[in-house]
Structures are given as C-alpha cells and as structure tokens.
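Asker: After the structure tokens below, expect a handful of questions from me.
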Amino acid sequence: MANILRRAGVDFPEPFRRFLEGDLDSWLRVEEYREAGTLVVKAEVPGIDPDKDVDITLTGNQLQISVRHEERSEHRGKEGYRSEFRYGTFARTVSLPAPVNEDDVRASYTDGILEVRIPLPEEPEAGGRKIHVSRGAGTASGAAPGSAV
C-alpha cells in the first residue's frame, strides 16, 4: 500500500497514511493548536529522558519529532507481570504552513508532556490586489488593434 501511495503522489494526512500502511504502533500521538501566532505541538511521553530520548528536526515546512521509550526489565521477573506500556521509537511529522527559523523553535518537557512551540510567520493579508482593466485602443500585449503582430 505504501508504494501505491508514493507512486500516486497523493498527499494523505499522516494518521490516514499510517492507518493504510499498518504503522499505527510507531505513531506519536500529538495535540496541536495555535496560540498568539505560535503553533503549539504537545505529545504525552512519560518516562523518558528528554536529553537522550528526543530528537526534533526541522526541514523546510516539516517538523519531525522522534521519541525513544526503552523498556526497563526491573519488574519482568515478578509474579503476574503484565505490561500495556508502549515501548520503542515513536515519530510524528507535522506540516507547517510556511518555513520557519529553527532558532525560534522552542521545546520543553514537563511532567511527561513534550511541548514544541513554533512561531509562525505572519500570513499575508487575505484578499487580492485589484487589476485595472483599461478601455479603448490599447490591448494587453501593447499592439494596436488590427495591426499585424
């Protein structure tokens, strides 16, 4: 399925693409919102060391967040051991509306929540510029009507 999507050149949202490719286990679930000209991306990733386990990269209009959560085996030998914790590497790519300066991107980790703040460039004014239409003898190409070009 992944090859079909790539060949078709169709740009599906990441959650849908991962679903079609059967890759939901390695998907980092995030919360996104805009706040005062800043895109805020949060991920719930308890039990990690942000200095060792988090990679955040910016390439063009793409913000890539990758988090490694390693399994600790301290409880494995205990009677009745069962775990539903998710371990491994989890990643997410967030599309940004425009390129941003990587020096302005800030990331923090507090109480198991990774937060990335990306200041967004100001959007141009909505609406377009009106183009004047002239009347009379001139044409758009500058040649007089009826003359040979």
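Asker: So, in the stretch 35-63, of the ones that are surrounded by 11 or more Cβ atoms within 10 Å (Cβ to Cβ) and among the β-branched types (Val, Ile, Thr), which residue ends up farthest from Ser95 (Cα to Cα)?
Answerer: Ranking the candidates gives Ile48 first.
Asker: Condition first: farther than 17 Å from Asn101 by Cα, modelled with pLDDT of 90 or more and of a type outside the set (Asp, Glu). Now tell me which residues in the stretch 46-67 satisfy that.
Answerer: Hits for the stretch 46-67 are Pro50, Lys52, Val54, Ser66, Val67.
Asker: Would you tally the residues in the stretch 12-27 being closer than 13 Å to Arg92 by Cα and either at pLDDT 85 or above or exposed (fewer than 11 other Cβ atoms within 10 Å of the Cβ) (or both)?
Answerer: Pass one, the stretch 12-27, residues closer than 13 Å to Arg92 by Cα: 13-18, 23-27.
Right, trim to either at pLDDT 85 or above or exposed (fewer than 11 other Cβ atoms within 10 Å of the Cβ) (or both) and you get 13, 16, 24-25.
Adding up the residues that qualify gives 4.
Asker: Could you give every pair whose Cβ atoms fall below 6 Å, whose first residue belongs to the stretch 53-70 and is in contact (Cβ under 8 Å) with a residue 60 or more places away in the chain, and whose second residue is not basic (Lys, Arg), counting only separations of at least 6 or pairs across chains?
Answerer: Val54/Val67; Ile56/Ile65; Ile56/Ala107
The values are calculated or read from the model by the stated rules, or taken from the named source; none is laboratory data. Note that the structure is a prediction, hence the values are computed from the model and not measured. Ideal geometry is used to build each Cβ from the backbone, glycine not excepted, and the neighbour counts take in all protein chains shown.
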